Amino acid sequence: MSVKAKKHLGQHFLTDENIARKIVEGLSFEDYKNVMEVGPGMGVLTKYLLEKDQTVYLAEIDTESIEYLKNNYPKITENTFVGDFLKQDFHFIDGEQIAIIGNFPYNISSQILFKIVDYYQQIPEMVGMFQKEVAERTAAVPRTKDYGILSVLIQAYYDVSYLFTVHENVFNPPPKVKSGVIRLTRNPKEGLAGNEVLFKQIVKAGFNQRRKKLSNSLKILNIPEALKTHEFLDKRAEELSVTDFIGFANLWKQNQ
C-alpha cells in the first residue's frame, strides 16, 4: 500500500533516503523534547525522527497518509496526530518548546514560515524543505534581489542557514522546480518586545514599493514628525539590515 500524492495538498513525496536523513540531522535535538513534523506523507522523515529521544507529533490533514503511517510505524498512536499545522496553538505541549521539521507543501510555505514567527517563543528551531526560491528569499541578505519582506520578518527572530539544494528527480511526483533546505535557529534579539505590529507594517510598506525611497513608501503610515529627516528615509527598503528595521521601528514607536 502507498499513498497517492494529492495535487490540492501540494504533496510531492521525497524518495531519497539519504536526503531524508540529512534533513533530520539538520536539527540539533538540544534543549527541547518535542518535535513536530508537518506533512509527513508516507513517513520518509518520520522514521528517522522516531529513532530520537524526543516526543514526535505529526501535523497531517490527509486521511490516507494518517492511515498509512499508523499501519507502518508501530510507535505512532492516535495522540501523535495534531491536525492542521496552520491552526495550531500548541496547547497540547503546555508551553514547552517544540522544534518544527518537514518537507513543506509549496502552496502554503510562506504561511508556515509566518506561523513559526507567530509562535517563535515556543519554537527554538526549524529545518524544512521549501521551493528553492522561497528558501533563498528567507536566507537573503540586504542589497540583493531576493531580500524582502520574508527575509526581514523571519530574520528578526531567527538566524537562517541555507543547508542544501534538492533536485526535482528525488520526488514522486517530481515538482517543476528545485527545492532548498533551510534551518532557522531562534536568535537572542530582544529589541522588538511589544513592537511587532508596527515593525511588520513598516517592513511590508517599505518593500511593497521597493524601488522607491522609504520617505515615499512609508507615507501611508504617517511618518512621525521627528523622523522626517532620518537618514533611513533617503534609502530603499532593500538597503536596510534587519537590525536597522528593528531600531527604526522602535524609534518610530517612541515618537508617535
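The values are calculated or read from the model by the stated rules, or taken from the named source; none is laboratory data. As the structure is a computational prediction, the values presented were derived from the model and not from experiment. Reconstructed Cβ throughout: ideal geometry from the backbone, glycine too, with neighbour counts over all protein chains shown.
If you check every pair at least six apart or on different chains, which have Cβ atoms under 8 Å apart with a residue in the range 71-100 that is farther than 18 Å from residue 114 by Cβ first and a residue that is in a loop (DSSP other than H, G, I, E, B) and among the polar types (S, T, N, Q) second?
Listed pairs, sorted by first residue: 82/88; 93/122; 95/122; 96/122; 97/122.
Quick one: which of 195, 172 is surrounded by fewer than 18 Cβ atoms within 10 Å (Cβ to Cβ), out of contact with any Asp or Glu (no Cβ under 8 Å at 6 or more places or on another chain) and in contact (Cβ under 8 Å) with a residue 60 or more places away in the chain?
Matching residue, one of 195, 172: 172.
Taking residue 109 as the residue in question, decide whether it is in contact with a strand residue (DSSP E or B) (Cβ under 7 Å, 6 or more places away or on another chain), within 18 Å of residue 123 (Cα to Cα) and part of a helix (DSSP H, G or I).
Taking the combined requirement at face value, the residue satisfies it.
So in the range 43-58, with the set limited to residues that are within 17 Å of residue 14 (Cα to Cα) and among the β-branched types (Val, Ile, Thr), which one is surrounded by the fewest Cβ atoms within 10 Å (Cβ to Cβ)?
44
In the range 138-159, what residues are β-branched (Val, Ile, Thr) and either crowded, with 21+ Cβ neighbours inside 10 Å or over 29 Å from residue 239 (Cβ atoms) (or both)?
Result: 138, 152, 154.
Go through the residues of the range 123-137 one by one and say whether even a single one is β-branched (Val, Ile, Thr) and loosely packed, with under 15 Cβ neighbours inside 10 Å.
Scanning the range 123-137, I find no residue that is β-branched (Val, Ile, Thr) and loosely packed, with under 15 Cβ neighbours inside 10 Å, so the answer is no.
Conditions: (1) assigned to a helix (DSSP H, G or I); (2) at pLDDT below 95; (3) surrounded by fewer than 16 Cβ atoms within 10 Å (Cβ to Cβ). Residue 86 meets all but one. Number of the miss?
All conditions pass for residue 86, except number (2).
Just name the residue that is nearest to residue 196 (Cα to Cα) out of those in the range 132-143 that are in contact with a strand residue (DSSP E or B) (Cβ under 6 Å, 6 or more places away or on another chain) and of a type outside the set (D, E, K, R).
138
Would you confirm whether any residue within the range 130-149 is touching a residue at least 40 places away in the same chain (Cβ under 8 Å), touching a helix residue (DSSP H, G or I) at 6+ places or on another chain (Cβ under 7 Å) and under 16 Å from residue 39 (Cα atoms)?
The answer is yes; a qualifying residue exists.
Taking the range 211-256 as the region of interest, how many residues are outside any loop (DSSP other than H, G, I, E, B), of a type in the set (Val, Ile, Thr) and surrounded by 16 or more Cβ atoms within 10 Å (Cβ to Cβ)?
Adding up the residues that qualify gives 2.
Go through 61, 76, 66 for me and flag whichever is surrounded by 11 or more Cβ atoms within 10 Å (Cβ to Cβ), among the aliphatic types (A, V, I, L, M), under 20 Å from residue 33 (Cα atoms) and out of contact with any Gly (no Cβ under 6 Å at 6 or more places or on another chain).
Matching residue, one of 61, 76, 66: 76.
So, in the range 1-58, of the ones that are small (Gly, Ala, Ser) and within 20 Å of the chain's Cα centre (by Cα), which residue ends up modelled with the lowest pLDDT?
Filtering the range 1-58 for residues that are small (Gly, Ala, Ser) and within 20 Å of the chain's Cα centre (by Cα), the one modelled with the lowest pLDDT comes out as 10.
Please enumerate the residues belonging to the range 51-66 that are within 23 Å of residue 108 (Cα to Cα), free of Cβ contacts under 8 Å to residues at least 60 places away in the same chain and acidic (Asp, Glu).
60, 62
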